[in-house]
1. Can you tell me which condition Gly97 does not meet? The list is (1) under 27 Å from Ser191 (Cα atoms); (2) assigned to a strand (DSSP E or B); (3) touching a Ser or Thr at 6+ places or on another chain (Cβ under 9 Å), and all the others hold.
2. Starting from segment 104-117, take each residue that is more than 19 Å from Gly175 (Cα to Cα) and list its partners that are of a type in the set (Val, Ile, Thr) and open to solvent by less than 60 Å² (accessible area, probe 1.4 Å), counting only C-beta distances under 6 angstrom and pairs at least six apart or across chains.
3. What number of residues within segment 160-182 are under 26 Å from Pro96 (Cβ atoms) and open to solvent by less than 40 Å² (accessible area, probe 1.4 Å)?
4. If you take the residues in segment 154-173 that are closer than 30 Å to Asp77 by Cα and in a strand (DSSP E or B), which one is nearest to the chain's Cα centre (by Cα)?
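The values are calculated or read from the model by the stated rules, or taken from the named source; none is laboratory data. Being a predicted model, the structure only gives us computed values, none of them experimental. A quick note on method: Cβ atoms are made from the backbone with ideal geometry, for glycine too, and the neighbour counts reach across all protein chains shown. For accessibility, only protein heavy atoms count, side chains too; no ligands or nucleic acids. Shrake-Rupley method; radii C 1.70, N 1.55, O 1.52, S 1.80 Å.
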Amino acid sequence: MKLKSLAFAVLLSLTGAAQASLVEYHASLASQATGSPAGSFSLRLFDSTLGALQSVELSFDGSLTDQVSVFNSNAVDKGFTNARSSLPVTVNINLPGLVSFSSRVTATASAASGTVSAGQTAYFDGGANPLNMATLLEDASVVSRFVAMGGADHTTALFLVSSGLGTVGGAAASGVYFGSRALALGDVTVSYLYQPVSAVPLPSATWMFVLGFLGLAGSRLTSPRGGSRVAAKTAPGLTGSDPGLAISGHLLRW
């Protein structure tokens, strides 16, 4: 029994199931401002030759900066004080036909004082705030959409930064107006968890060894315990024993 157990252990170690693997792709998104058209970027799909796709995770790691704007409509430079803004912002990553995910935050900015040139708009940053969001997709009907088909290995995605109604304010001469906008930028990562197609093929000689080992184990289990030696028999009409038959008998008994 020990021999058979050892044989199956060898076979199991050679044909063990492959572990799930992970592959990731990244895309860097340029700065996008609220009120501007959606920016586009290319995101890589899953290569079906790698194996069976199990889940997809999309994440965005970036920052959001609010800016208070001051527009001077006068023909001469004008000063201002206590400019401030608070703006609700939605950052959306949209993969048409695949999935869309977003995050909504409130960005703030302020400027104690400054001067704006005639007929110009000046922007004052409120500082960059970390912005992170992610979504995990495991539903098979959704996951299957990320598998590259028909030779297409990339899809076009959209990056949109929009805002709701915020509050702005400040003190300045007539003809000076305050506003607000936000800028977002960052990196998108798509992570594909998949089961590889198969383990590395084994050489045919290895399989022959394993099968022979299993056959040997089976013959040992079916032979009677304490069996007698197999003697070479003499065919009728022959004298003495045939060495060839004797050798074959020993091989069969072993």
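1. Every listed condition holds for Gly97 apart from (2).
2. So the pair list comes out as Arg104/Thr90; Val105/Val89; Ala107/Val89; Ala109/Val68.
3. Step one: filter segment 160-182 for residues under 26 Å from Pro96 (Cβ atoms), giving 160-164, 181-182.
So of that shortlist, the ones also open to solvent by less than 40 Å² (accessible area, probe 1.4 Å) come out as 161, 164, 182.
Qualifying residue count for the region: 3.
4. We begin by selecting, within segment 154-173, every residue closer than 30 Å to Asp77 by Cα; these are 163, 165-173.
Subsequent filtering for residues that are in a strand (DSSP E or B) retains 163, 167-172.
Details: Ser163: 30, Thr167: 39, Val168: 41, Gly169: 44, Gly170: 46, Ala171: 50, Ala172: 51 Å.
Checking each candidate, the answer is Ser163.
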